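Nothing in this text is a laboratory measurement; each read-out follows from the coordinates by a stated rule. Treat the numbers as computed from the prediction; the structure is a model and nothing was measured. So basically every Cβ, Gly included, is an ideal-geometry build from the backbone, and we count neighbours across all protein chains shown.
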């Protein structure tokens with residue numbers, strides 16, 4: 001096989017964001033007011049690496065972020081007290097990867113230049129870098145987001161704080177970004193505010209430093225304000241949700257391709273999924289179409305302010321900000337991550353007799369879709385004969401979105417979308433001037449991953465490993481990538497640690513497992529997200545009205561709490577409670 005082996009086939013591999021066995025108890029806290037940590041298979045150092053290793057996200061120059069003010073108060077935007085308002089988790093302390101003591105999920109990415117941003121923006125980054133006292137060889141220091149921002153949770157049990165790595169975060173991405181844009185705009189508009197900003201940034205101002213910074217920052221503000229409009233949701237996501245799919249397609253089809261007609265409203269928010277088991281699953285994401293780990297993770301980077309080149313000279317096409325080695329390391333770390341275990345010493349006992357009844361009910365009504373490993377039953381796995389390398393993976397359940405009856409907005413927003421192509425992207429799509437957004441997304445991400453592998457000189461064996469060996473054997477015996485059998489399915493995953501992943505359904509529209517097992521008429525139409533206290537009886541989070549929480553209205557498009565009625569006749573209250581006791585044992 002030639003070096004172009006994975007390049008040929010990775011066009012067909014995609015990620016959807018946002019773009020993820022036993023545990024014996026709690027370990028000591030990292031600081032006096034910090035959380036207790038469950039033993040999920042990670043060392044303290046590996047955990048910190050997951051939190052702060054850059055992946056290719058280019059949100060804002062690091063020095064600028066640290067100098068911005070909150071417009072309403074004048075406090076620093078980077079203050080922990082401000083960032084916690086968005087559901088971000090404070091750092092456990094300073095770390096070499098996190099010198100600014102920023103929250104979990106922020107990372108500093110150093111790059112030799114400012115990609116795709118032109119001379120003015122590049123001078124901006126050079127000015128920011130000089131002002132920080134770093135030499136030219138240090139590269140440009142950007143602040144970006146990592147997977148940890150959306151996949152790390154703190155929960156409380158009677159006020160006791162516990163960290164759950166890989167769990168859905170409370171992060172309100174949409175409000176965070178909107179407020180960051182507002183802070184940038186306000187800095188340009190207010191001379192006194194800009195003077196304070198410049199004083200913090202320009203530790204070595206020179207004769208023209210302030211004027212250069214003003215020009216460069218104004219150019220950055222113009223781009224960021226435009227991207228703020230592009231990402232502004234038509235339906236508010238609130239804590240723990242984001243419409244990652246629409247934002248990624250907007251980024252690569254409208255922004256990176258410089259085609260404004262491809263812009264679409266952001267209005268199909270979904271919950272952040274849990275990460276444990278992800279590397280072992282056949283397909284991942286709520287609509288299970290992502291198989292290749294490196295393509296999934298690379299696509300996630302493009303969704304959170306990474307960039308790929310889709311204009312200009314052909315020689316630059318598909319070059320991107322993805323950091324492949326770091327993304328691959330991320331996947332190896334997640335392979336070591338175990339699902340959180342229900343700790344009876346903290347969360348209370350499990351009724352073993354009731355759990356046994358629940359196991360019988362689960363086997364009868366749920367296990368057909370939710371592949372589950374128990375003490376006596378292993379996961380159902382794929383046939384090794386179906387894989388080019390005889391690899392096996394955990395099978396995931398697939399249910400057509402119309403059959404399951406949940407809110408259809410997430411699926412239809414992709415199925416009904418088209419994208420205008422240009423010379424860089426049309427060649428990936430049979431030279432069509434307009435293509436389905438799903439195909440555009442699939443092949444553009446694949447081309448960007450393939451280019452990154454070629455540029456990095458990654459050998460064939462390492463490429464296969466990065467792709468997770470997700471290749472089948474074609475009729476002629478050659479390898480072809482895993483392709484989803486349908487774009488209209490929703491995923492029914494194994495449910496290990498499900499107690500730590502509420503609210504439920506793909507759009508987070510049902511606050512507890514008890515309500516998910518109840519008739520639609522008994523589910524709350526309105527509840528509040530953003531709390532951390534576990535609902536130990538019903539499984540999920542306590543979701544009553546409280547200051548700082550988000551009002552989740554299930555009557556809005558994209559927020560419907562319908563569907564998932566299994567069995568058809570419903571379960572009695574006692575049966576629901578029995579299933580809940582069983583789920584605590586997983």
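Cα-based values for region 448-586, radius of gyration first and Dmax second, are 21.1, 62 Å. Counted residue by residue at 0.36 nm each, then reduced by the alpha carbon distance between them, the extension gain from residue 373 to residue 101 reaches 94.0 nm.
With a simple spin-label model that places each label point 7 Å from the Cα along the Cα-to-Cβ direction, the separation between residue 325 and residue 462 comes to 0.7 nm. The Rg/Rh ratio of region 510-583, with Rg taken over Cα atoms and Rh as the Kirkwood radius over Cα pairs, comes to 0.98. Peptides 328-334, 453-459, 375-381 ranked from most to least packed give 328-334, 453-459, 375-381, packing being the mean of other C-beta atoms within 10 angstrom over each peptide's residues. Region 252-284 and region 511-564 have Cα centres separated by 24 Å. Working from the Cα coordinates of region 299-359, the gyration tensor eigenvalues give, after taking √(5λ), semi-axes of 48, 13, 10 Å in decreasing order. Derived from the Cα gyration tensor, the three semi-axes of the equivalent ellipsoid of region 384-479 are 27, 24, 13 Å, largest first. For region 304-404, the extents of the C-alpha atoms along the principal axes are 67, 38, 33 Å, listed from largest to smallest. Shape analysis of region 401-440 based on the Cα gyration tensor places the equivalent ellipsoid semi-axes at 28, 8, 6 Å, largest first. The Cα atoms of region 64-107 define a convex hull whose projected area, averaged across directions, is 3.2 nm².
Can you give the FRET efficiency to the nearest 0.05 for residue 344 and residue 400, using r as the Cβ-Cβ distance and R₀ = 51 Å? The value I calculate is 0.85.
Put the Cα centre of region 408-444 next to the Cα centre of region 309-327 and the gap is 19 Å. With one equal scatterer per alpha carbon and no solvent term, the Debye-computed log10 I(q)/I(0) for region 236-356 at 0.09, 0.14, 0.18, 0.23 1/Å reads -0.38, -0.78, -1.10, -1.36. Spatially, region 388-404 and region 32-49 are offset by 32 Å when compared through their Cα centroids. Taking the Kirkwood radius as Rh and the Cα radius of gyration as Rg, region 164-239 has a ratio of Rg/Rh equal to 1.12. Scattering from region 328-465 was approximated by placing one identical point on each alpha carbon and applying the Debye formula without solvent; log10 I(q)/I(0) at 0.18, 0.20, 0.22 1/Å stands at -1.28, -1.29, -1.30. As a calculated quantity, the FRET efficiency between residue 351 and residue 215 at R0 = 60 Å, using C-beta atoms, amounts to about 0.35.
The slack between residue 386 and residue 549, meaning 0.36 nm per residue of separation minus the straight C-alpha distance, is 54.0 nm.
The alpha carbons of region 357-418 stretch over 45, 40, 13 Å along the principal axes, in descending order.
Full extension of the chain segment joining residue 44 with residue 573 gains 186.3 nm, where the gain is 0.36 nm per residue of separation less the Cα-Cα distance. Each listed q (0.05, 0.07, 0.09 Å⁻¹) maps to a log10 I(q)/I(0) for the chain from the Debye sum over equal C-alpha point scatterers, namely -0.21, -0.41, -0.69.
Sorting the segments 99-110, 140-151 by their residues' average number of neighbouring beta-carbon atoms within 10 angstrom, most packed first, yields 140-151, 99-110. Applying Stokes-Einstein at 10 °C and 1.306 mPa s to the Kirkwood radius of region 424-529, computed over alpha-carbon pairs, gives a translational diffusion coefficient of 87 µm² s⁻¹.
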